[in-house]
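Accompanying notes for the structure given below.
The values are calculated or read from the model by the stated rules, or taken from the named source; none is laboratory data. Note that this is a predicted model, so its numbers are computed, not measured. Don't worry about glycine lacking a Cβ; one is built from the backbone with ideal geometry, like all the others, and counts go over all protein chains shown. Just so you know, the surface numbers come from the protein's heavy atoms only, side chains and all, with ligands and any DNA or RNA stripped out. Shrake-Rupley method; radii C 1.70, N 1.55, O 1.52, S 1.80 Å.
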Amino acid sequence: MRYEELTIEGRNPVMEAFRSGKPIDKLFVLDGCQDGPVRSIIREARKHDTILNFVTRERLDQMSETGKHQGVIAYAAAYEYAQVSDILENAKKKGEPPFVFLLDNIEDPHNLGAIIRTANLAGAHGVIIPKHRAVGLTATVAKASAGALNYTPVAKVANLGNTIEDLKKEGLWFVCADMGGEVMYRLNLSGPIGLVIGNEGNGVSRLIREKCDYIASIPMKGDIDSLNASVAAGVLAYEIVRQRMG
């Protein structure tokens with residue numbers, strides 16, 4: 001399966017992408033460039049919560065595929081992002097209690113793609129990622145998801161903590177993976193549930209962990225102390241699947 005090219009180069013194409021509402025994850029701008037069109041693009045980027053990076057001409061030249069970047073290169077999302085309400089609607093249509101993955105600052109695109117693939121196969125109704133300090137839906141993510149991005153809605157939110165609070169009002173319970181928690185087999189993980197997976201290096205942040213109803217640990221028998229984030233997501237997701245089937 002081929003994915004559309006996600007690098008947009010040049011002042012007009014980048015401005016057009018913002019105006020058309022295409023989700024732009026990151027914008028790279030020539031550091032110190034002050035002319036009008038570039039300033040307008042920066043304004044648009046700030047309006048849309050796009051991550052802004054000011055870089056050298058050498059860096060832009062390295063990134064450029066066309067050689068005509070004119071001081072601006074944008075990375076657009078591979079797919080349109082869904083709304084959180086679309087994910088709940090997805091569960092309602094299937095007549096199932098909601099099952100949602102929430103990812104607390106996953107930075108590796110291969111991990112994000114693998115987690116979206118797992119979410120799809122485990123029957124989750126969608127995936128929620130934060131807007132900041134996390135990878136978005138890039139071409140690498142799309143490839144690693146093995147097509148799951150076509151079927152599993154991904155929503156991007158400004159504040160993961162607030163989203164958890166909102167979803168609690170919709171009846172969801174939240175479980176996060178953490179070494180210090182209760183062994184997952186002893187927890188009741190059936191019903192409407194949100195599975196929270198933490199960052200590759202630091203795990204689930206303290207603020208998010210405090211909002212979770214359960215903290216689940218995965219039994220480990222080996223000599224190292226943690227699983228890769230996407231593997232941990234898979235192990236926990238399938239304990240949820242087992243309990244939902246029961």
Whole-angstrom Cα spans of segment 117-162 along principal axes, big to small: 28, 23, 13
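Rg/Rh for segment 1-95 to two decimals, with Rh computed the Kirkwood way over all alpha-carbon pairs. Before the final figure, lay out each step's value.
On the way: Rg = 15.9 Å, Rh = 14.5 Å.
Ratio of gyration radius to Kirkwood radius for segment 1-95: 1.10.
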Debye log10 I(q)/I(0) for segment 147-246, one point scatterer per Cα, at q = 0.12, 0.16, 0.20 Å⁻¹: -0.41, -0.73, -1.14
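Seen from all sides and averaged, what is the projected area of the convex hull of the Cα atoms in segment 36-182, in nm²?
Values: hull surface 44.7 nm².
With every direction weighted equally, the projected area is 11.2 nm².
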All-pairs Cα distance distribution in segment 63-112, expressed in whole percent, bin size 5 Å: 4, 13, 14, 16, 15, 14, 8, 7, 5, 3, 1
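Relative to 2.2 N^0.38 Å, what does the C-alpha radius of gyration of the chain come to as a ratio? Two decimals please. Provide the component values of the computation, followed by the final result.
Values: Rg = 19.5 Å, N = 246, 2.2 N^0.38 = 17.8 Å.
Rounded to two decimals, the normalised Rg is 1.09.
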Approximate shape of segment 191-235 as ellipsoid semi-axes (Cα gyration tensor, √5λ), whole Å, largest first: 19, 13, 10
Partnerless cysteines, meaning none of the other Cys C-beta atoms lie under 4.7 Å away, in the chain: CYS33
Centre separation in Å (Cα based) which lies between segment 185-246 and segment 1-62: 36 Å
Lysine pair number, Cα distance threshold 17 Å (strictly under), the chain, separation 8 or more or different chains: 13
Residue (of TRP173, GLY126, ASN159) at the positive-pole extreme of segment 89-231, dipole from beta-carbon charges: GLY126
Net dipole in debye of the chain [+1 Lys, Arg Cβ; -1 Asp, Glu Cβ; about Cα centre; nearest 20]: 440 debye
In sequence order, calculated HN-Hα J values of segment 195-212 (Karplus, 6.51, -1.76, 1.60; Hz; x Gly/Pro): 9, 9, 10, x, 4, 3, x, 9, x, 6, 5, 4, 4, 6, 4, 5, 8, 7
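Evaluated at 25 °C with a viscosity of 0.890 mPa s, what Stokes-Einstein diffusion coefficient in µm²/s does segment 61-144 have when Rh comes from the Kirkwood expression over alpha-carbon pairs?
Rounded, D is 169 µm²/s.
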Accessible surface of segment 106-186 [probe 1.4 Å, protein heavy atoms]: carbon and sulfur percent: 47 percent
Descending Cα extents along the principal axes, segment 7-62, whole Å: 29, 22, 19
Per-residue ³J(HN,Hα) for segment 176-184, Karplus 6.51 cos²θ - 1.76 cosθ + 1.60, θ = phi - 60°, Hz, x for Gly and Pro: 10, 8, 7, 3, x, x, 6, 4, 4
Karplus-derived 3J(HN,Hα), 6.51/-1.76/1.60, for each residue of segment 151-161, Hz, glycine and proline x: 10, 9, x, 10, 9, 10, 10, 6, 9, 5, x
